[in-house]
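Q: Sending over a structure as structure tokens; questions will come in a sec.
The values are calculated or read from the model by the stated rules, or taken from the named source; none is laboratory data. No experiment lies behind these values; they were computed from the predicted model shown. Cβ: placed from backbone, ideal geometry, glycine included. Neighbour counts: every protein chain shown. Just the protein is used for accessible areas: all its heavy atoms, side chains included, with ligands, DNA and RNA removed. Shrake-Rupley method; radii C 1.70, N 1.55, O 1.52, S 1.80 Å.
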Amino acid sequence: MNKRRLGKSGLMVSEVGLGCWQLGGDFGPVDEEIAQEILLKADQASINFFDTADVYGGGKSEERIARFMREQRSDTLVATKVGRDSALFPNAYTRDKVRANIEASAQRLGTDCIDLIQLHCVPQDILKDGEICTWMDDFQQQGLIKAWGASVELLEDAKI
């Protein structure tokens, strides 16, 4: 499996990543054994990049990835997302709340520093304001995250 540098992050990720929304059970039940088998098959295919979010199964996807990493390998890179749970979305974004959500993800993932955190379809006005970007830069400098970006629904949101 070829690897590429992910944007400006410096992270080297497999060209194919594994989306882990299904591991949270949001599309129907996925038992623990099946979830671990999915992650193992990805690993066996040299996929080292897993994408999840704090809202996938209310954190269950992150917990399952942590279990896999703890039991099978420690060098998988994990991208998770923040910003779509009811504590924040659609208009309750504060530095403390965003930090608390990121820290909760880190705890579920079993790490002190998240590889990549993405703002999860944050409303345009929040992105345009830019304050949340300053917070993310601060969290990166503080060592809570290695890199950050945005997961958006619309192309125009990506241009902000």
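Q: Give me the accessible area of C113, 1.4 Å probe, in Å² rounded to the nearest 10.
A: Per-residue accessible area (C113): approximately 30 Å².
Q: Right, here's the next one. Specify the angular offset, from 0 to 90 degrees and rounded to the nearest 10, of the alpha carbon long axis of helix 131-141 from the longest principal axis of the alpha carbons in the chain.
A: Between helix and principal axis, roughly 50 degrees.
Q: Moving to a separate point now. Tilt of helix 95-109 relative to the longest C-alpha principal axis of the chain, in degrees (0 to 90, nearest 10)?
A: 0 degrees
Q: Same structure again: Ignoring ligands, DNA and RNA, please state the percent of accessible area on the chain from carbon and sulfur, probe 1.4 Å.
A: 47 percent
Q: In the Gaussian network model of the chain, springs joining C-alpha atoms below 10 Å, which of D43, D129, D51 carries the largest mean-square fluctuation?
A: Comparing D43, D129, D51 in a Gaussian network model of the chain, the most mobile one is D129.
Q: How large is the helix-only mean residue ellipticity at 222 nm for the chain, computed as the sum of -39500 (n - 2.57) over DSSP H runs with n ≥ 4, divided by its residue count, in deg cm²/dmol to the nearest 500?
A: -11500 deg cm²/dmol
Q: Using a Cα distance threshold of under 30 Å, what count of lysine pairs results for the chain when pairs must be 8 or more residues apart or interchain?
A: Here the count comes out as 28.
Q: Ok, one more. Taking the chain as the reference, fit the longest principal axis to its C-alpha atoms, fit the long axis of helix 60-71 to the helix C-alpha atoms, and give the angle between the two in degrees, 0 to 90, nearest 10.
A: So the inclination is approximately 50 degrees.
Q: What ranking, highest mean first, results for peptides 29-38, 116-125 when packing means the other Cβ atoms within 10 Å averaged over each residue?
A: Ranked by mean Cβ neighbours within 10 Å, highest first: 116-125, 29-38.
Q: Taking every DSSP beta bridge with both residues inside the chain, roughly what % is antiparallel (nearest 5)?
A: Taking every DSSP beta bridge within the chain, about 15 percent pair in antiparallel fashion.
Q: Hey, what's the stretch 59-149 come to in accessible area per residue, 1.4 Å probe, Å²?
A: Solvent-accessible surface per residue comes out at 47 Å².
Q: Now for a separate question. Of all trypsin sites (Lys or Arg not before Pro) in the stretch 78-108, which ones are in loop regions per DSSP and have a Cβ with at most 13 other Cβ atoms within 10 Å?
A: none
Q: With a ≥ b ≥ c taken as the square roots of the eigenvalues of the C-alpha gyration tensor of the stretch 1-84, please select rounded if a/c is under 1.5 and otherwise prolate if a/b is larger than b/c or oblate if it is not?
A: It is oblate, given that a/c is not under 1.5 and a/b is not larger than b/c.
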